[in-house]
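This report refers to the structure that appears directly beneath it.
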């Protein structure tokens with residue numbers, strides 16, 4: 001019997017017991033639907049996490065001052081005054097694999113613009129800061145290197161500060177008084193919203209680092225240095241080279257501890273990605289169990305079908321059907337059950353993913369590979385669990401089969 005004939009016979013057998021066939025496919029439908037939905041949610045979660053981390057900057061390495069002990073009290077990381085602007089300049093010029101370096105120093109200030117005032121944080125940094133932090137300017141521009149070196153009185157406002165000081169939206173070109181020093185607003189940053197720790201990232205004013213140290217704080221040390229590596233592969237090299245360079249610049253002997261700390265944000269990215277991947281695998285594992293249960297259901301029904309159609313099998317063998325023909329007949333029926341269930345499951349999974357995105361507001365991404373994988377697994381389940389019943393049918397004795405009532 002050719003393939004078309006086998007498919008026609010399989011379809012007739014499935015239609016003859018339509019309700020039983022549908023109930024048999026139910027396990028496959030649920031399993032495939034669960035695979036599609038879980039992988040769509042997992043892909044969406046990974047994309048959402050990646051987008052959140054991308055807002056922190058790309059391949060970041062953060063250097064902070066080390067701890068210091070005063071009167072027997074350890075003041076913790078950041079207490080030392082060990083980092084200087086020259087350290088940031090040396091890192092940018094000497095270490096390969098560095099895409100950008102932004103020195104940072106911040107202080108709490110009361111800003112005043114006309115009749116409005118707002119308590120916020122002033123951040124002193126360099127012109128490389130927007131690229132390093134992946135934070136574009138929404139209006140106006142960022143300050144230049146010449147303005148930084150000349151300690152120009154220019155400022156770029158965060159979205160929250162701009163909204164509170166200039167509710168009418170006329171911030172660009174206006175004056176803001178920060179610690180009794182008038183600064184000209186030259187730009188407004190794009191809104192980023194809250195950080196993972198609940199802090200409003202837009203509640204800050206960014207000024208040249210030279211302006212902050214000269215006109216606001218009078219301090220020549222930094223609160224930190226943010227480094228952007230050129231690629232994920234170069235992050236660890238940048239970390240190691242930064243540690244070596246700073247120890248050399250700070251004249252630390254081999255026995256002395258570091259007076260700074262280097263933190264690798266890539267570790268956070270890897271941990272978040274690994275967590276999302278584990279969650280996706282867990283959900284996919286549950287869905288795979290559903291598929292296996294569906295396969296067991298197919299095998300059970302096919303064994304029942306073989307018993308019910310024993311006389312039919314005997315007649316087919318009597319008129320010339322070979323063992324291979326009987327084997328393929330029942331195997332095609334099992335695979336047809338699995339594949340039809342797989343198609344219905346794919347449609348159900350796509351619908352469930354879209355409903356989840358619409359109702360729960362979750363980000364979902366349906367990858368074509370997940371559709372192909374789930375359908376292929378459904379077909380494989382049909383083959384594996386359908387082979388034993390088909391083999392059992394093909395090995396029936398024709399004479400005993402004809403006598404079967």
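The numbers here are math on the coordinates, done by the rules we state, and not lab data. This is a predicted model, so every value here is computed, not measured. Positions of Cβ are backbone-derived with ideal geometry, glycine not excepted, and every protein chain shown enters the neighbour counts.
Taking the longest Cα principal axis of the chain as reference, the axis of helix 235-249 is set at about 20 degrees. With R₀ set to 30 Å, the beta-carbon distance separating residue 48 from residue 219 gives a calculated FRET efficiency near 0.15. Relative contact order, whole percent, for the range 60-262 stands at 33, derived from Cα pairs under 8 Å and 6 or more residues apart. With a simple spin-label model that places each label point 7 Å from the Cα along the Cα-to-Cβ direction, the separation between residue 400 and residue 245 comes to 8.3 nm. The sum of -39500 (n - 2.57) across all DSSP H runs of n ≥ 4, divided by the residue count of the chain, sets its helix-only mean residue ellipticity at 222 nm to -18000 deg cm²/dmol. Our summary gives the range 287-405 a relative contact order of 51 percent, counting only alpha carbon pairs under 8 angstrom and 6 or more residues apart. With all pairs of different C-alpha atoms in the average, the Kirkwood value for the hydrodynamic radius of the range 60-262 is 17.8 Å. You can think of it this way: the chain between residue 383 and residue 286 has 32.8 nm of extra reach, that is 0.36 nm per residue less the Cα-Cα gap. Applying 1/(1 + (r/R0)^6) with R0 = 45 Å to the Cβ-Cβ distance of residue 318 and residue 347 gives a FRET efficiency near 0.60. Among 46, 16, 322, the order by Cβ neighbours within 10 angstrom, fewest to most, reads 16, 322, 46. Helix 85-94 and the longest principal axis of the C-alpha atoms of the chain enclose an angle of approximately 50°. Can you give me the angle between helix 266-308 and the longest principal axis of the chain, using Cα atoms only, in degrees from 0 to 90, rounded to the nearest 10? So the inclination is approximately 10 degrees.
For the chain, DSSP calls about 80 percent of its internal beta bridges antiparallel. Residue separation of residue 199 and residue 149 scaled by 0.36 nm, minus their Cα-Cα distance, works out to 15.0 nm of gained length. Spin-label pair residue 369-residue 170: with each label point 7 Å from Cα along the Cα-Cβ axis, the two points sit 5.5 nm from one another.
Sort the following peptides by mean Cβ neighbour count (other Cβ atoms within 10 Å, averaged over residues), highest first: 174-184, 121-131, 244-254.
The most tightly packed comes first, giving 121-131, 174-184, 244-254.
With contacts taken as Cα pairs under 8 Å and at least 6 residues apart, the chain reaches a relative contact order of 29 percent.
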